[in-house]
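Down below is the structure, laid out as structure tokens.
Only the coordinates and a few stated rules stand behind these numbers; no lab work does. Small disclaimer: the values here were computed from a predicted structure and weren't measured. All Cβ positions, even for glycine, are placed from backbone atoms using ideal geometry, and neighbour counts span all protein chains on display.
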Amino acid sequence: MGLKVIALGTGVCSNCYMSCEYDRRPLGFLLDIDGTLLLLDCAEGTRHQLQKVGYDYGYVQHVAISHAHPDHAALPQFLQAKSCRRIFNDDHNEFGVCTVYMPEKLVEGFDAVWRWHVPENEGKYWAEFTPRFVPMSEASAVGIAPGVELKSYPVYHAFGRHPSVAYRVETPYGVVAYSGDTAKCPGLIEAARDADLFICEQSFRIGFQDKAKYGHLTPFEVGEVCQEANAQHVRLVHYIGLDAESDVIAEIRRGGYNGDVKRAVDFDVWTLDQ
Ligand SMILES: [Zn+2]
């Protein structure tokens, strides 16, 4: 009994630079809450990463997408794989179940994306596989299992023009928060408030000035956010890796956060239990 979180993708939108110590896939995190499986983001390769850690993506029933950038949301590929998994194993009714959570505008737009991929099917799926889409509007809260709530908080990303949310998963074993992609903003701090585990993006390098207001976090801003939110344990993801980890941590301290923080790499496992 407990909550296990597995980092399936901690990387960025390009393959890792040669100078990087690790090869890291784009974003995806598995939460296993007493057997309820929830993915936070689902990028290219997430289902293959799942397989490497002994999970069958066919049993993933909940997928929460922070925003639709391709390094976070290879959703057509995942849904096709789920559907085909059911065709190849038609005695497994569980494989036909999948609920996708994402910002309301992205739900509205996904029908066109699916039709682009599968024009022959008039927007339908296959083999009794019909994913359910749940729009996450401002401060939505959805129960996904007994005692488990998924909450979304609008955040600022991509000039504020891309519908984006941070997630907060409240469970009997503790709270996991995930930034998605975002600048420092009130929604992010609310999502991470007193979180036991905060999976936080750090896309911008030390000292970067976001003059264009694109919307990511520098290490200094990570420090400010984590201090304001009082996050307990912080794991950095979505970092390019060209700054030394010790320098990044020093910047986070300068931003005001003195708690437990380190960089995550793919296949890190974190557990919460009581
Ligand atoms: Zn993004």
Could you say which residue among GLU128, GLU44 is away from the ligand (no atom under 16 Å from the Cβ) and acidic (Asp, Glu)?
GLU128
Are there any pairs with C-beta distances below 6 angstrom linking a residue in the stretch 190-216 that is in contact (Cβ under 8 Å) with a residue 60 or more places away in the chain to a residue that is among the basic types (Lys, Arg) and surrounded by fewer than 24 Cβ atoms within 10 Å (Cβ to Cβ), with the two at least 6 apart or on different chains, and if so which?
ILE199/ARG235
Neighbours by Cβ (under 7 Å, 6+ apart or cross-chain): first from the stretch 45-56, over 18 Å from PRO76 (Cα atoms); second β-branched (Val, Ile, Thr)
VAL53/ILE6
For LYS82: the one exception among (1) buried (at least 23 other Cβ atoms within 10 Å of the Cβ); (2) under 23 Å from TYR214 (Cβ atoms); (3) away from the ligand (no atom under 16 Å from the Cβ):
(2)
Quick test for you: out of TYR156, TYR101, pick the one residue that is in contact with a His (Cβ under 8 Å, 6 or more places away or on another chain) and either within 16 Å of the ligand (Cβ to nearest atom) or assigned to a strand (DSSP E or B) (or both).
TYR101
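Matching residues to (1) touching a Lys or Arg at 6+ places or on another chain (Cβ under 9 Å); (2) closer than 21 Å to THR36 by Cβ; (3) of a type in the set (A, V, I, L, M); (4) not in a helix (DSSP H, G or I):
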residue	(1), (2), (3), (4)
ALA183	yes, no, yes, yes
ALA195	yes, yes, yes, yes
GLY207	no, no, no, yes
VAL234	yes, no, yes, yes
TYR239	yes, no, no, yes
Keeping to the stretch 33-90, report how many residues are within 12 Å of the chain's Cα centre (by Cα), over 18 Å from TYR101 (Cβ atoms) and polar (S, T, N, Q).
0
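Return yes or no: is SER66 more than 18 Å from VAL5 (Cβ to Cβ) and hydroxyl-bearing (Ser, Thr, Tyr)?
Working: more than 18 Å from VAL5 (Cβ to Cβ): no; hydroxyl-bearing (Ser, Thr, Tyr): yes.
It is false that SER66 is more than 18 Å from VAL5 (Cβ to Cβ) and hydroxyl-bearing (Ser, Thr, Tyr).
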Just to be sure, is GLU190 of a type in the set (Asp, Glu), in a strand (DSSP E or B) and touching a strand residue (DSSP E or B) at 6+ places or on another chain (Cβ under 8 Å)?
no
